[in-house]
Amino acid sequence: MDKGKLLIISGFSGVGKGTIVEKMLEAFDNYKISISCTTRDPRPAEEDGVHYHFISKDDFEKMIENDELLEHAKYVDNYYGTPKKFVDDCLERGDNVILEIESEGARKVKDKMPEAIMIFVLPPSARHLKDRLVGRGSEDLDAIEKRLNKAVEETDAMKHYDFFVVNDDIDTAAKNIDKIVSNTNPDLPSEDEVLNIKNDIINFSKGE
Ligand code: 5GP
């Protein structure tokens with residue numbers, strides 16, 4: 001049996017990566033999502049073992065020591081990491097595995113597994129991103145500010161990605177990602193469109 005493909009999906013906080021991934025799991029039967037470990041507190045609607053494995057900093061450090069993580073990174077004020085065994089087992093069984101992770105971890109995975117497909121999800125505009133972060137109501141203004149600043153930092157990492165997908169519609173974005181994986185004519189933004197969105201995020205943070 002062919003091995004599965006490893007898919008890295010990154011994008012600014014609030015861009016809707018989680019919803020796109022949920023849609024992919026619902027619409028297609030050959031994808032599995034890797035559930036990360038994190039030291040951050042659960043948001044109201046999040047469940048342990050479903051959205052994340054919520055663990056203490058001590059337990060996280062033990063996993064690093066025991067080499068149980070494929071990668072890990074610090075994002076804003078917390079640690080996040082990908083358990084290695086689940087990914088290996090799925091790929092071996094022929095399932096495609098989705099890692100929904102930030103850009104530093106994404107690069108570490110790509111170094112270890114160069115065949116991984118790296119996809120960066122973009123909002124249609126900076127305003128969409130801010131509205132989504134405010135609208136989901138899960139962070140206070142200070143945390144939203146930090147996440148927007150982090151988005152500007154992450155624009156620099158965009159150069160490491162193989163594909164960009166604009167999330168102006170969840171279904172279309174999910175289908176496009178599946179088309180990238182199966183190599184069947186995805187509808188992707190032009191280089192200019194990607195650059196415009198990137199500049200919009202950078203300028204927005206300067207209050208322009
Ligand atoms: P959030 O706190 O919004 O759930 O996640 C914050 C960021 O951490 C997001 O960009 C998310 O993709 C990323 N993230 C989630 N899990 C992992 C992981 O296992 N490793 C890395 N490097 N980043 C992760």
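Read-outs throughout are calculated quantities, based only on the coordinates presented, and are distinct from any laboratory measurement. Remember, it's a predicted structure, so these values are computed and weren't measured experimentally. Quick reminder, even Gly has a Cβ in these numbers, built from the backbone with ideal geometry, and neighbours come from all protein chains shown.
Observations, loosely collected:
- When each of LEU148, LEU7 is scored by the number of other beta-carbon atoms lying within 10 Å, the sequence from fewest to most is LEU148, LEU7.
- Relative contact order [Cα under 8 Å, 6+ residues apart], the chain, whole percent: 29
- Relative exposure of LYS84, LYS23, LYS3, LYS159, judged by other C-beta atoms within 10 Å (fewest first): LYS159, LYS3, LYS84, LYS23
- Remark: the Cα gyration tensor places segment 1-103 in the oblate category, a/c being 1.5 or greater and a/b not exceeding b/c.
- Taking the fewest neighbouring Cβ atoms within 10 Å as the starting point, the ordered list for VAL97, VAL152 is VAL152, VAL97.
- Multiplying each eigenvalue of the alpha-carbon gyration tensor of the chain by 5 and taking the square root yields semi-axes of 25, 22, 15 Å, largest first, rounded to whole angstroms.
- Potential extension, LEU195-ARG43 segment - 0.36 nm per residue separation minus Cα distance: 51.5 nm
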